[in-house]
1. Determine, yes or no, whether Y268 is more than 30 Å from G169 (Cα to Cα), among the hydroxyl-bearing types (S, T, Y), modelled with pLDDT of 95 or more and in a strand (DSSP E or B).
2. Only one of (1) touching a Leu at 6+ places or on another chain (Cβ under 8 Å); (2) more than 15 Å from the ligand (Cβ to nearest atom) fails for S45. Which number is that?
3. Does A254 qualify as being surrounded by fewer than 21 Cβ atoms within 10 Å (Cβ to Cβ) and not assigned by TED's automatic domain parsing to the domain that holds A373?
4. Considering A283, A379, A316, A365, which residue is crowded, with 18+ Cβ neighbours inside 10 Å, closer than 30 Å to E26 by Cβ and touching a residue at least 60 places away in the same chain (Cβ under 8 Å)?
5. Looking at G35, G28, G54, G12 in this structure, which one is in contact (Cβ under 8 Å) with a residue 24 or more places away in the chain and on the phi > 0 side of the Ramachandran plot?
6. Whether any residue in segment 125-134 is within 15 Å of V241 (Cβ to Cβ) and touching an Asp or Glu at 6+ places or on another chain (Cβ under 9 Å) is what I want to check.
7. Out of curiosity, is V118 touching a residue at least 12 places away in the same chain (Cβ under 8 Å), in a helix (DSSP H, G or I) and within 22 Å of G63 (Cα to Cα)?
8. Given the options L31, L25, name the one that is in contact with a helix residue (DSSP H, G or I) (Cβ under 6 Å, 6 or more places away or on another chain), over 17 Å from P287 (Cβ atoms) and within 12 Å of the ligand (Cβ to nearest atom).
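The values are calculated or read from the model by the stated rules, or taken from the named source; none is laboratory data. Computed from a prediction, not measured in an experiment: that's the story for all the values here. Neighbour counts run over all protein chains shown; Cβ positions are idealised from the backbone, glycine included.
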Amino acid sequence: MKVAVLGFGTVGAGIYEMLSHAEGLEQGPVLVRPGKDDAPFKRTSIEAVLAEPGVEAVAEAMGGIEPAFSYAMAAIKAGKHFVTSNKALVAAKGIELAAAARDMGVGFLFSAACGGGVPFLHNLSLAVESDMIVSLGGILNGTTNYMLDAMQRRKLSYGEALKDAQKLGYAEADPSADVSGLDALRKIVLGSAVAYGVLPTEGLYNEGIENITAEDVSRIQARGLTCRLMAKCGPVPGGKVYAYVEPVLLKASAAECSVLDNYNMARYEGKCSGPMVFMGQGAGRWPTASAVLRDLSCILKDKFFMLRADCRRGSADNEACRHSYYVRLPGSLTGCFEVKSYSETDGQTELVTKPMSVKAMHEMAARLRAEGAKMFFAAFED
Ligand SMILES: NC(=O)c1ccc[n+]([C@@H]2O[C@H](COP(=O)([O-])OP(=O)(O)OC[C@H]3O[C@@H](n4cnc5c(N)ncnc54)[C@H](OP(=O)(O)O)[C@@H]3O)[C@@H](O)[C@H]2O)c1
């Protein structure tokens, strides 16, 4: 199967290279921007790519929603299978792409969009065919895991950890999607779509790590706990799902504490299979390209979809998920929470709340921050 590649950056160049020695797959043309067509296989328009004789599949690795979405629709409508590593595209337009692909009888797979090289969505999409998924989630962002790990083990400040992550190529020049938890949220939304047929677009919450300080880290460590940024999702009665991202405080025995550097750990729990854990490189040229190639191999074996035909947009309901939270905030705001315990040093209060809903915690934090409060919070793992 001849495969065209859209985008020739970190992932796109990796896909093109891997196609040269993949069984049953063949290198096709590559879409680059005008002026960057410095090799015979490069083209500068989607029309030229799709018109190339023999192209049967298109692998997108440009990023962003437009023009990626228009190009994807053009490819599908031209009868080409479509695979992508682009989580923003699938989170925003996955339902439309799946419907168009079903109409045209072509495949639409996106396992590289969640967890990079970690074969999480791939396995999840197989598991849902025979089992009920009780919950899913995990550490889905390598940049923030690297930063939290560096702050905890190497005692770096937030700024030092971020600079280090950028130097190593883990964090973008604009790291906001990573550190705000948005990147992990987009990924868990894809997991929800695969596991439950619901792609939630409302009612979602993402608390990232932007507000954690070296002092928070040492207080958390003094409690014998480790902080990880975790995404969580599961079913809620009434055909809804819960889906959110937040920092979580874990006991040393938790498997997530062994996830170091920029690694990811995704998990799902099947009603029959029990817990399944997938750990590996969540990003990088070769791990991500290998996941795209895995999708192309699935298409060769007639596995065309990871989204069910009835997958729909929906809203998340994070009311019923309840945790105790660790909160650091100005002492004057202690009364905003029902508190189990608290201590005060230098005008900053460190408190543990009574169990409260994810929705209530995230909304309280948004309200207090809008009023100018500087605070950090993290859930205690149940
Ligand atoms: N990097 C990873 O480890 C990783 C892991 C998992 C998923 N992903 C996803 O994979 C996708 C690609 O990521 P990446 O890291 O490979 O990004 P990248 O290195 O920035 O590569 C993107 C490439 O696409 C090109 N491009 C963008 N718009 C284009 C257009 N309209 N026409 C032609 N070429 C265009 C860019 O060209 P210019 O440079 O000229 O703009 C660039 O060469 C993203 O959706 C990302 O979220 C990446």
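1. Considered against the rule, which asks whether it is more than 30 Å from G169 (Cα to Cα), among the hydroxyl-bearing types (S, T, Y), modelled with pLDDT of 95 or more and in a strand (DSSP E or B), Y268 comes out as no.
2. The number of the failed condition is (2).
3. Considered against the rule, which asks whether it is surrounded by fewer than 21 Cβ atoms within 10 Å (Cβ to Cβ) and not assigned by TED's automatic domain parsing to the domain that holds A373, A254 comes out as yes.
4. A283
5. Result of the check over G35, G28, G54, G12: G54.
6. Initially, segment 125-134 is screened for residues within 15 Å of V241 (Cβ to Cβ), giving 128, 132-134.
Then drop every residue that is not touching an Asp or Glu at 6+ places or on another chain (Cβ under 9 Å), which leaves 133-134.
Yes, that holds for at least one residue.
7. Working: touching a residue at least 12 places away in the same chain (Cβ under 8 Å): yes; in a helix (DSSP H, G or I): no; within 22 Å of G63 (Cα to Cα): yes.
Spelling it out, it is not the case that V118 is touching a residue at least 12 places away in the same chain (Cβ under 8 Å), in a helix (DSSP H, G or I) and within 22 Å of G63 (Cα to Cα).
8. L31
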